[in-house]
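What follows is one structure encoded as structure tokens, with my remarks underneath.
Rule-based calculations on the coordinates, nothing more; no lab input. None of the values given here were measured: they were computed from a predicted structure. Cβ: placed from backbone, ideal geometry, glycine included. Neighbour counts: every protein chain shown.
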Amino acid sequence: MEPCREIPAGADVVVIGGGIVGVSTAWFLAKQGISVVLCEKGHIAGEQSGRNWGWVRVQGRDTREIPMMLESLRIWGDLKQDIGEDVGFMRGGCFFTAQTDKQLDEFAGWIDTAAEHGIDSRLLSRSELKELVHGSAIDWAGALYTASDGRAEPHIAAPAIARAASRSGAAILTGCAVRGIETSGGAISAVVTEHGSIRTSVVLCAAGAWTSLFCRSLGIDVPQLRVKGTVARTAPAEHVLNGNVFDDSLGIRRRADGGYTVAHGGVLEHPVTPSSFRYFGKFFAALMQELRILRLSFGSEFVDEWKTPRTWPLDAPSPFEATRVLDPEPTPRVLNGIRRNLDKMFPQLKETPIVESWAGMIESSPDVVPIIDAIDSLPGFHIATGFSGHGFGIGPGAGKAIAGMLTGSDSGIDISALRLQRFFDGSPIRPQSSI
Ligand SMILES: Cc1cc2nc3c(=O)[nH]c(=O)nc-3n(C[C@H](O)[C@H](O)[C@H](O)COP(=O)(O)OP(=O)(O)OC[C@H]3O[C@@H](n4cnc5c(N)ncnc54)[C@H](O)[C@@H]3O)c2cc1C
């Protein structure tokens, strides 16, 4: 996608953010003949959507996400044919391993949930697991396993969907930060970008880790916090598994290039910022749930957020132009842990070099489930955010559901449980899955 030089005068819908959620929405809208412009401040999939582990799984999800995720798996399965590009999707299965029989028993609750939704999850015994995951030095008691879950290549998927949206008529503008919204009579009349205004009455804010800041400038409170994930990839190596394995010490999946994407299974880093204090109450349950693996850090992020203005003039550079791509440093200590745990789990990969590492800022909602909603106080404004550590897999399904919300048509996916007000109307905030 070429950086933006000129912008369309108007569109039925403007999407803010070129991650998997924004591009999938644009694709579904454009296929229906809706005129849509997508504005991305950096490049497509520059943030979370190009930095994640690439797991596409329904296993272990919050029940509120399951219908959307099942639809997403169906879309992933047809994607190669539908967009004419291979994004590396394959169903290699998803394994959550158990060290003890007691841990294995704890997966029984999910087996019941899966059965209710027709999902093919089952428990694998020690020997069954050994047949599917070769040569592990860890003597797992067994695993929770869903054969129909899969993986795709994050750096390929969202750009390929963006190209498909563009072929269907969407305008995909990169290097095009949205600074704010103009209103007329209380409703949206235009989106103001760094390159000028686009007339529209419908906006989707799919701005990932920036959604809370953007919405706050409009007087809309969206509780959101960030956690950093450090990730690495190995060179192509011998075949030890085909799918995705999660163990307390390591998350590992096979890549389309024959290597492995690896991450620490037991570390979540939260850089403390003013938002951590502001939203502490709403995130209390999520933080307690992750307490064992949560590492708090106090660094420049606190000062950066402190110094970021809450509102800004729309005719001057905004905070979104100041950080084109959120590109945190991978944490060396976590990288060392990944190497150590990989060698321990698969000694046969000891000589396989780690050839690249990176980090990504995961943005989470208080109950670790997305917020997809129309905002009553600003007619025409919608948000889709808070996908937490599992928005890549569900992204295409979310795009279909969001396109339905924006056009007032029935996508067949119920998103009523994902409304923003659940965090403000006294509903209990209860995460069902981890970040
Ligand atoms: C380390 C890591 C591992 C993960 N592992 C998995 C996994 O295995 N499976 C899974 O399903 N999910 C995983 N996730 C989560 C997943 O990546 C995210 O939930 C998903 O990518 C979110 O997509 P998005 O489109 O909402 O946001 P993003 O991909 O963050 O996209 C938002 C975009 O909006 C742009 N933007 C923001 N503000 C503006 C503005 N004002 N104007 C224009 N553009 C703007 C940003 O530049 C950004 O590109 C992981 C995430 C990380 C970081």
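Computed from the Cα positions only, the extents of region 287-423 along the three principal axes stand at 56, 41, 31 Å, in decreasing order. The lysines within cross-link reach of Lys400, meaning a Cα-to-Cα straight distance under 29 Å and a gap of 8 or more places when in the same chain, are Lys31, Lys41, Lys80, Lys228, Lys282. With the highest mean first, a sort of the peptides 175-185, 350-360 on other beta-carbon atoms found within 10 angstrom per residue produces 175-185, 350-360. Computed extension gain for Ser35 through Gln81, at 0.36 nm per residue and net of the alpha carbon distance, reaches 14.2 nm. Taking every Cα-Cα distance in region 23-171 and sorting them into 10 Å bins from zero, the calculated P(r) comes out as 11, 32, 30, 18, 8, 1 percent. With just the Cα atoms defining each centre, how far is region 325-391 from region 79-106? Give it in Å. Going from one Cα centre to the other spans 17 Å. Other residues lying with their Cβ under 13 Å from the Cβ of Ile252 contribute a combined charge of +4, Lys and Arg counting +1, Asp and Glu -1. Sorting 312-320, 144-152 by average packing, meaning the other beta carbons within 10 Å per residue, from highest down gives 144-152, 312-320. Each peptide in 390-402, 366-378, 325-337 was scored by the mean count of other Cβ atoms within 10 Å over its residues; highest first, the order is 390-402, 366-378, 325-337. Of all the Cα-Cα pairs you can form in region 3-62, what percent are over 17 Å apart? So the portion of pairs separated by more than 17 Å is 50 percent. Projecting label points 7 angstrom from Cα along Cα→Cβ for Phe298 and Ala147 puts them 5.3 nm apart. The Cα-based radius of gyration of region 234-300, divided by its Kirkwood radius, gives an Rg/Rh of 1.15. Scaled against 2.2 N^0.38 Å for its residue count N, the alpha carbon radius of gyration of region 176-217 is 1.12. The Rg/Rh ratio of region 189-296, with Rg taken over Cα atoms and Rh as the Kirkwood radius over Cα pairs, comes to 1.12. Net charge around Arg226, counting only other residues with Cβ within less than 9 Å of its Cβ (Lys, Arg = +1; Asp, Glu = -1)? My count for the surroundings of Arg226 gives -1. Under the rule a/c < 1.5 gives rounded, and otherwise a/b versus b/c splits prolate from oblate, where does region 112-198 land using the Cα gyration tensor? Prolate shape, in that a/c is at least 1.5 and a/b is the bigger ratio.
Using a simple spin-label model with pseudo-atoms 7 Å out from Cα toward Cβ, Ala256 and Lys350 lie 3.4 nm apart. Model label sites at Asp101 and Thr407, defined 7 Å from Cα along the beta-carbon direction, differ in position by 5.5 nm.
Per the Cauchy relation, a quarter of the hull surface: what is the mean projected area of the convex hull of the alpha carbons in the chain, in nm²? For the Cα atoms of the chain, the hull's average projected area reads 19.5 nm².
The residues packed around Ser212, meaning those with a beta-carbon under 9 Å from its beta-carbon, carry a net charge of -1 if Lys and Arg are +1 and Asp and Glu are -1. Under the classification rounded if a/c is under 1.5, otherwise prolate if a/b is larger than b/c and oblate if not, where does region 253-334 fall, given a ≥ b ≥ c as square roots of the Cα gyration tensor eigenvalues? Cα axes put region 253-334 in the oblate bin. The calculated P(r) of region 77-126, using every Cα pair and 10 Å bins from 0, goes 21, 36, 24, 17, 3 in percent. Using only alpha-carbon positions in region 97-251, the gyration tensor eigenvalues give semi-axes of 45, 20, 16 Å once each is multiplied by 5 and square-rooted (largest first). Please report, ordered by residue number, every helix of the chain (full DSSP H runs) that is 18 Å or longer along its axis going by C-alpha atoms and whose mean Kyte-Doolittle hydropathy reaches 0.0. Correct list, ordered by number: 66-83, 154-167, 391-407.
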